[in-house]
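Participant: I'd like to ask some things about the structure below.
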Amino acid sequence: MLSFDLKIKTHLLASLAWWLFLPTSILVATLNGSLSGVLCAQDNEPKGTSPTVQTDSENQIADWLPETTVLFGKIAPVEQWLEHPLRTSWIETESFKKLWRSPQALQVRSGITIAEIALGLKLDQLAKDLSDRGAYVAIDSQTQAVALMLHTRSEQWLDDYIDKALDYLRKDAKSKGDPDPIQSTEYRGVQAYKIQNGIFVKLGSWVLMTNQGDFAKAVVDHKLDNRKGLSQAPWYREASSKLQATGSMVEVWIDLASIRAQMKNNDLFRGQANDFGAELILGGVLSVLANAQVMHASMTMDEQGIALEVQSPSDPTWYGQARQHYVGPDAKGRAPNWPKVPGAIATLSTYRDLAQMWLRAGDLFNQDVNDQLAQADNTLTTIFAGKDFGSDILTAIEPELQIFAAERSFDQAALKPTIQLPSFGMVARLKDPAKLQRELKRTFQSFIGFLNVAGAQEGQPQLEQDTIQQNGASIYTSQFIVEEDRKYPDGLPIQFNFQPTLAFLDDRVVLCSSVDCAKSILGQNPLDAGSQTAQVQTRLEADGASIQKALQINSNPIIARNMVEKGTTRIEAKREFDMLMLLIGLVKRMDMSLEFQDQARLRLRFDANLDP
C-alpha cells in the first residue's frame, strides 16, 4: 500500500499550494525553518524573465523518473501565479485585506520579517528564480517516494543559493546549541543533502526534493546513464497524449491501474459502496475508480476565478445494469435544468433513479447492508399501507431531482429559534401524479401524527397541521405550536425551525422544511430555465455570501459549541470563527458538475469575490 512520510509530504504540498495567492514568504514561518521553507525566501538579484513551463523540461524530467512512477505533474512557474490578474485583483479586495490583517496572518508576517532580516533575503524573487523554468511533482510506487523537482534560473545561481541556505541553517542550529542539521553525501559525483526527513539533490540547474534516498538514486542513474524512464511507460504515453488541458497552471497524470493494484483492499477501488448513502453519492465514481486505467487532473485560472477538472476514460459497460440508477441508460442520465430556488444557498440538481437503486440493492451492497434495507422495506411498506416502497412508490418518481438549501427569514416580532437553520428540501416530478399524490398526502399526514404521539410521550412540542390551496397548488404543512404558558428565555428550541411541508402542482412535488419556501418554488415556471435538462449528470451550485450570512446568524451558538468541544476560550473560538468567515468571504460562488458519457469528468469552479 502507498504510504508516505507525512511531514515531508506536507512540506512539499505546502510549498506548492501557498505560492498561489499569498506572498510566498509565509512559508518560512509555517515550515519551521526546514530547507523547504528556506527555499521560499527571496533573493536580492534583479528580476529576470520567467518563461512558461518548457516542453523540453517536461520531457527531460519524464526521462529521469523511473517507470514505476504512478503520478506525474507539472506546475507553472511561481511568477505566473504571483503576477496573474486574478491574484492582483484578489489581494486588493477588502475581504483579502481583512484576512491579511487577521491575528493569524500578523503572527506569520512577524515571523517572515525576522527570517528576512536574518537571511538578508527577500522572498518573492527567490520563489520565481527557483521555479524559473517550471516545477514538477511525482509519486513513485516502488520506493513510496513523494518528490518535488524545480528547474531553477541557472546552475550558478543554484550553487550560490544552496551555499547561502546551508550556511544559514548551520548558523541557526549553532546559535541554539543544536548539532549540525545537515548530512552531506555524494552519489556518482552528484551532491546531496539530508535535512530532517528531506533529501535534497542538485542536478545541474535542477533541485530534487524527496523523502526516499532510493528514489533520488534512481533519478540520478536515469540522468547520468541517459536512460528512458517514465516517458516510455505505456500508461504515461496514453494519458499524456489523450488527456490534456490547454493553458493550465497545474496538470497531473495518474496511473490509476497501478495504484488500484497496490490498494485493492481500499474501499475506493473495490467498486462497491459500504452503505446506501455512499452509493447514492459516489456510485458512478466508484465504477470509474474500479475500471479506469489512467486519470488526469488540471487547474486553470482566469480573471474571475479558479477551475479544477478531473477526467478519465468512461465506458457504459463499467456501470452495468446495477448502476444505471446513477448514470442512466448508456451513461446518458442528465440533471434537471429547473429554476433556482429563491434565496438559494446551495442547489444540487442530479440524475438518480431511486427505484432502480432500491430494487437492485442485492447487486450493489453486501449482505449486512441488504439485511438493513430489507428491514427498512418492511417498515416503509407498512407506512405506505401495503404498497411496496421500491416497485410502487419510488418507481412513480422521475429520476431527475433537485435538492436545495435556501435562506429563511423569521418574523422579527415573534420568538425565533436559538439556532436558525436555512430551509431545505427536494423537488421532483411524478410519473402518475393523479395516482400518487393522494398516497403521498395520506402518508405525510400519518407521519406527522406519529411524530405528535411520539413527541407527546417525551414532552416535546406538538405539530399543528394545515392545508393550503394556492394558485392551483395543494400544500399540506405543519408547524410546532408555541405554548402560551411556557417561557423561552433562551429562544425557541431548534425544532421550531421546521415546518414540514408537502406540496403538489401538476406533476411537480415539493418536500420542504418551510411552507414559505415551498410556496416560492411552486410560484416558479419550470420553463423559465429554458431546456428542462442540463448537459451534465450532476450539478452543484453554492453562493459564498449566503453561506457566510447563514453562519453569521448563528455565530454565538457556533462559537459556544467550539469552546465546549475544543476546550478553548471564547476569544480563541471567536478568532477561529472569524478566520472561517474571512476565508469564505474570498469566494463568490462555487459550481461543480459531473458527467460520465464519453469521458468521466468532474469540474469544480470557484469564482472569486472581487468586490472592493
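The values are calculated or read from the model by the stated rules, or taken from the named source; none is laboratory data. Predicted model, so just to flag it, every value in this text is computed and none were measured. A quick note on method: Cβ atoms are made from the backbone with ideal geometry, for glycine too, and the neighbour counts reach across all protein chains shown. Quick note on the areas: whole protein, heavy atoms, side chains included, nothing else; ligands and nucleic acids left out. Shrake-Rupley method; radii C 1.70, N 1.55, O 1.52, S 1.80 Å.
Participant: For ASP255, work out the one condition from (1) more than 19 Å from THR143 (Cβ to Cβ); (2) touching a helix residue (DSSP H, G or I) at 6+ places or on another chain (Cβ under 8 Å) it doesn't fulfil.
Facilitator: Against the list (1) more than 19 Å from THR143 (Cβ to Cβ); (2) touching a helix residue (DSSP H, G or I) at 6+ places or on another chain (Cβ under 8 Å), ASP255 comes up short only on (1).
Participant: For the stretch 249-303: of the residues being among the hydroxyl-bearing types (Ser, Thr, Tyr) and closer than 28 Å to THR350 by Cα, which is nearest to the chain's Cα centre (by Cα)?
Facilitator: If we take residues in the stretch 249-303 being among the hydroxyl-bearing types (Ser, Thr, Tyr) and closer than 28 Å to THR350 by Cα, then SER298 is nearest to the chain's Cα centre (by Cα).
Participant: If LYS435 satisfies every condition in (1) of a type in the set (Lys, Arg); (2) under 28 Å from the mean Cα position of the chain (by Cα); (3) surrounded by fewer than 18 Cβ atoms within 10 Å (Cβ to Cβ) but one, which is the exception?
Facilitator: For LYS435, the exception is condition (2).
Participant: Within the stretch 75-104, can you find the residues that are outside any helix (DSSP H, G or I) and either open to solvent by 30 Å² or more (accessible area, probe 1.4 Å) or touching a Ser or Thr at 6+ places or on another chain (Cβ under 9 Å) (or both)?
Facilitator: Scanning the stretch 75-104 gives ILE75, ALA76, PRO77, GLU83, ILE91, GLU92, ARG101.
Participant: Right, next: Within the stretch 387-407, take every residue that is within 34 Å of the chain's Cα centre (by Cα) and open to solvent by 50 Å² or more (accessible area, probe 1.4 Å) and give me the one that is nearest to PRO493 (Cα to Cα).
Facilitator: Result: GLU407.
Participant: Are there any pairs with C-beta distances below 7 angstrom linking a residue in the stretch 151-176 that is open to solvent by 60 Å² or more (accessible area, probe 1.4 Å) to a residue that is part of a helix (DSSP H, G or I) and at pLDDT below 90, with the two at least 6 apart or on different chains, and if so which?
Facilitator: ARG153/ASP129
Participant: Looking at the stretch 317-329, can you tell me whether even one residue there is more than 25 Å from PHE269 (Cβ to Cβ) and in contact (Cβ under 8 Å) with a residue 12 or more places away in the chain?
Facilitator: no
Participant: Within the set of pairs 6+ apart or on separate chains, which have a first residue in the stretch 133-146 that is touching a residue at least 12 places away in the same chain (Cβ under 8 Å) and open to solvent by less than 30 Å² (accessible area, probe 1.4 Å), a second that is in a loop (DSSP other than H, G, I, E, B) and charged (D, E, K, R), and C-beta atoms under 9 Å apart?
Facilitator: Cβ pairs passing all conditions: VAL146/ASP5.
Participant: Exactly one of (1) open to solvent by 10 Å² or more (accessible area, probe 1.4 Å); (2) in contact (Cβ under 8 Å) with a residue 40 or more places away in the chain is unmet by PRO336. Its number?
Facilitator: Going through the list (1) open to solvent by 10 Å² or more (accessible area, probe 1.4 Å); (2) in contact (Cβ under 8 Å) with a residue 40 or more places away in the chain, PRO336 breaks only (1).
Participant: Another question, then. Name the pairs whose Cβ atoms lie under 7 Å apart, with the first residue in the stretch 252-273 and modelled with pLDDT of 85 or more, the second β-branched (Val, Ile, Thr) and open to solvent by less than 30 Å² (accessible area, probe 1.4 Å), and 6 or more positions between them or separate chains?
Facilitator: Close Cβ pairs (under 7 Å, with a partner that is β-branched (Val, Ile, Thr) and open to solvent by less than 30 Å² (accessible area, probe 1.4 Å)) amount to TRP253/VAL294; ILE254/VAL70; ILE254/VAL294; ASP255/VAL70; ASP255/VAL294; LEU256/VAL294; SER258/VAL70; ILE259/VAL70.
Participant: Looking at the stretch 359-375, which of the residues that are open to solvent by less than 40 Å² (accessible area, probe 1.4 Å) and in contact with an Asp or Glu (Cβ under 9 Å, 6 or more places away or on another chain) is nearest to LEU394 (Cα to Cα)?
Facilitator: Here the answer is ALA361.
Participant: Since THR381 meets every condition but one in (1) within 35 Å of the chain's Cα centre (by Cα); (2) open to solvent by less than 60 Å² (accessible area, probe 1.4 Å); (3) among the polar types (S, T, N, Q); (4) closer than 24 Å to LEU280 by Cα, which condition does it not meet?
Facilitator: For THR381, the exception is condition (1).
Participant: Which residues, taken from the stretch 548-584, are among the hydrophobic types (A, V, I, L, M, F, W, C), over 17 Å from ILE345 (Cα atoms) and open to solvent by less than 70 Å² (accessible area, probe 1.4 Å)?
Facilitator: Result: ILE558, ILE559, ALA560, MET563, ALA573, PHE577, MET579, LEU582.
Participant: Residue check: is MET299 in a strand (DSSP E or B) and over 20 Å from MET590 (Cα atoms)?
Facilitator: For MET299, the condition - in a strand (DSSP E or B) and over 20 Å from MET590 (Cα atoms) - is not met.
Participant: Moving on. Output the number of residues of the stretch 303-314 satisfying the condition of being open to solvent by 60 Å² or more (accessible area, probe 1.4 Å) and either β-branched (Val, Ile, Thr) or not in a strand (DSSP E or B) (or both).
Facilitator: 2
To keep it simple, each residue is scored yes or no on (1) buried (at least 21 other Cβ atoms within 10 Å of the Cβ); (2) assigned to a strand (DSSP E or B); (3) out of contact with any Leu (no Cβ under 8 Å at 6 or more places or on another chain).
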{"site": "GLN191", "(1), (2), (3)": "no, yes, yes"}
{"site": "LYS194", "(1), (2), (3)": "no, yes, yes"}
{"site": "PHE200", "(1), (2), (3)": "yes, yes, no"}
{"site": "LEU208", "(1), (2), (3)": "yes, yes, no"}
{"site": "ALA216", "(1), (2), (3)": "yes, no, no"}
{"site": "LYS228", "(1), (2), (3)": "no, no, yes"}
{"site": "TYR236", "(1), (2), (3)": "yes, no, no"}
{"site": "SER241", "(1), (2), (3)": "no, no, yes"}
{"site": "GLY247", "(1), (2), (3)": "no, no, yes"}
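Participant: Exactly one of (1) over 25 Å from PRO77 (Cα atoms); (2) touching a residue at least 12 places away in the same chain (Cβ under 8 Å); (3) of a type in the set (Val, Ile, Thr) is unmet by VAL219. Its number?
Facilitator: Only one criterion in (1) over 25 Å from PRO77 (Cα atoms); (2) touching a residue at least 12 places away in the same chain (Cβ under 8 Å); (3) of a type in the set (Val, Ile, Thr) is unmet by VAL219, namely (1).
Participant: Take the residues in the stretch 288-342 that are farther than 24 Å from GLU238 by Cβ and of a type in the set (Phe, Trp, Tyr), then tell me which one is modelled with the lowest pLDDT.
Facilitator: By that ranking, first place goes to TRP338.
Participant: Now, a different point. Within the group LYS264, LYS223, which residue is under 22 Å from SER141 (Cβ atoms) and part of a loop (DSSP other than H, G, I, E, B)?
Facilitator: LYS264
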